[in-house]
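Worksheet: one structure, shown below.
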Amino acid sequence: QVELEQSGGGSVQAGGSLRLYCAGYGRTFTPYSMGWFRQGPGKEREFVAAIAKRGPNTYYGDSLKGRFTIYRASGMNAVYLQMNSLTPEDTAMYYCAATELTTHPIVDAHDWPYWGQGTQVTVSS
């Protein structure tokens, strides 16, 4: 099992940048695929990005258009999400997630059993 703790987020003007952080703790001796999802007001939870638990491969939602980057931080199962050129449409609760699956891209939230508490990202126009 793994528990996820995330931080970052906040309010930013359109065109600005933010970086989110997420790390596993507890019994995290086993590597996991790590990912990010977001859920805007009145919208379904959608896939943002993921990184494979082995190797460097990364995966992104089609709508991100190269603006977001997921990369590993120091420590087991720790990742960042760098978000650039933010727009009001990026306003959402952002959640980190972990899964033992390796069949990327894993875009269905139901395939991710472990979740962080979420952090709010608000982009003003």
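The values are calculated or read from the model by the stated rules, or taken from the named source; none is laboratory data. Source: prediction; values computed, not measured. Neighbour counts run over all protein chains shown; Cβ positions are idealised from the backbone, glycine included. Calculation scope for accessible area: heavy atoms of the full protein, side chains included, ligands and nucleic acids excluded. Shrake-Rupley method; radii C 1.70, N 1.55, O 1.52, S 1.80 Å.
Counting heavy atoms of the protein chains only and a 1.4 Å probe, report the per residue accessible area for the chain as a whole number of Å². Numbers along the way, then the final one.
Numbers: 6390 Å² over 125 residues.
Per residue, the chain has 51 Å² of solvent-accessible surface.
May I ask you to give the percent of accessible area on the chain that is carbon plus sulfur, with a probe radius of 1.4 Å? Provide the component values of the computation, followed by the final result.
Working: 3100 of 6390 Å².
Result for the chain: 49 percent of the exposed heavy-atom area is carbon or sulfur.
Give the relative contact order (percent, whole number) for the chain; include only Cα pairs under 8 Å separated by 6+ residues. Before the final figure, lay out the partial values.
Values: 314 pairs, mean separation 44.4, N = 125.
It rounds to 36 percent for the chain.
With a 10 Å cut-off between alpha carbons and a GNM built on the chain, which of V12, V48, V79 moves the most?
Comparing V12, V48, V79 in a Gaussian network model of the chain, the most mobile one is V12.
At q = 0.21, 0.22 Å⁻¹, work out log10 I(q)/I(0) for segment 81-125 with the Debye formula, treating every Cα as an identical point scatterer and leaving solvent out; two decimals please.
Computed log10 I(q)/I(0) values: -0.82, -0.86.
Could you grab the Rg to Rh ratio for the chain? Cα atoms only, Kirkwood for Rh. Kindly include the intermediate steps, with their values, before the conclusion.
Details: Rg = 13.5 Å, Rh = 14.3 Å.
My calculation puts Rg/Rh at 0.94.
Between T122 and T87, what is the label-to-label distance in nm when each label sits 7 Å out along the Cα-to-Cβ direction?
2.1 nm
Comparing S63, S85, S17, which has the greatest mean-square fluctuation in the GNM of the chain with Cα pairs linked when under 10 Å apart?
S63
Could I have the simple spin-label model distance between D108 and M76, label points 7 Å from Cα toward Cβ, reported in nm to one decimal?
About 2.9 nm, to one decimal.
Using a Gaussian network model of the chain whose springs link C-alpha atoms within less than 10 Å, name the residue from I70, I106, I51 with the highest mean-square fluctuation.
I106
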